[in-house]
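Down below is the structure, laid out as structure tokens.
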Amino acid sequence: MEKQTKKCPYCAEEINAEAIKCRFCGEMLIPNEKGKSANDTVKKAKEVAEETAEKVKDTAGKAIHKAGELYNKLPLDDINKKLEKLPVKVDVKSRKFKIALVVVIILLLMVALWRSCDSSAADSSTVKALVADIIEKNFKAQNSRFSFAVQMKVKCTDLFNIEKIGKNRYSATARFTATVVTSFPKEDKAIQQGTVKIIYEKMGDYIQVQLDLDSFVMDE
């Protein structure tokens, strides 16, 4: 009986109809009864959302506590005397002023947190782009005599096992997808996935990336 096939939605190659992972590009496909259900994905997303909400709640609680400490350290009587000249009466000892101060501090902390997250995302994108560029250049250098017939395009898809090993210095494992296209003696395309260990360092506005070329592991 001939096996039923389907096209991979990512690379368009013909694969087994019951496959949950493409053997050509390595992408995970829509889960079926043999794979993880969509409910698992939803459950995981819910867990992440709950964990994030808990962290935000904890941060807000610490911010309120810190704001209270700062408020109690203020020379309130001296500030009130200086504010007496204002056309509008302001009492820094009032509950309204204290609440307003807490709100301002929380907003400042949230802005700082947002900028930190945005910076981390930008750093991650830069590291991924540099990893892909280094792999491509290394492949080109090793196959310089056949550059007219062989081309490689790499995309770094993920960074994991990230550990801080120094000031602004991190170790991680990068996952990448490599597409090798040959035009001689005949046109062909092969897509593989793999991982490589890296070290990257933030140097001001720049990021330096080093690859451990001996740590390359290609998926079967």
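The values are calculated or read from the model by the stated rules, or taken from the named source; none is laboratory data. Because the structure is predicted, anything quoted here is derived from the model rather than measured. Using ideal geometry, Cβ is built from the backbone for each residue, glycine included, and neighbour counts are taken over all protein chains shown. Note: accessible area is taken over every heavy atom of the protein model, side chains too, but ligands, DNA and RNA are not part of it. Shrake-Rupley method; radii C 1.70, N 1.55, O 1.52, S 1.80 Å.
Using a 1.4 angstrom probe on the protein heavy atoms only, line up Y170, Y206 by accessible area, largest first.
Y206, Y170
Against the empirical 2.2 N^0.38 Å scaling, what ratio does the C-alpha Rg of the stretch 167-220 come to?
The reported ratio for this selection is 1.54.
Starting from the 7 Å offset along Cα-to-Cβ, what nm value, one decimal, do you get for the label separation of K153 and N72?
For the pair K153/N72, the computed spacing is 6.2 nm.
List the pairs from K73/K96; K98/K202; K55/K93 whose alpha-carbon separation is above 28 Å, in the order I gave them.
Flagged as over cut-off: K98/K202; K55/K93.
How would the stretch 67-106 be classified by its alpha-carbon gyration tensor: rounded, prolate or oblate, with rounded meaning a/c under 1.5 and the a/b versus b/c comparison settling the rest?
Since a/c reaches 1.5 but b/c is at least a/b, the shape of the stretch 67-106 is classed as oblate.
So who's got an amide H within less than 5 Å of the one on E27, skipping anything under 5 residues away but keeping other chains? H placed 1.01 Å off N, in plane.
Residues meeting the criterion, in which the H sits 1.01 Å from N, are C22.
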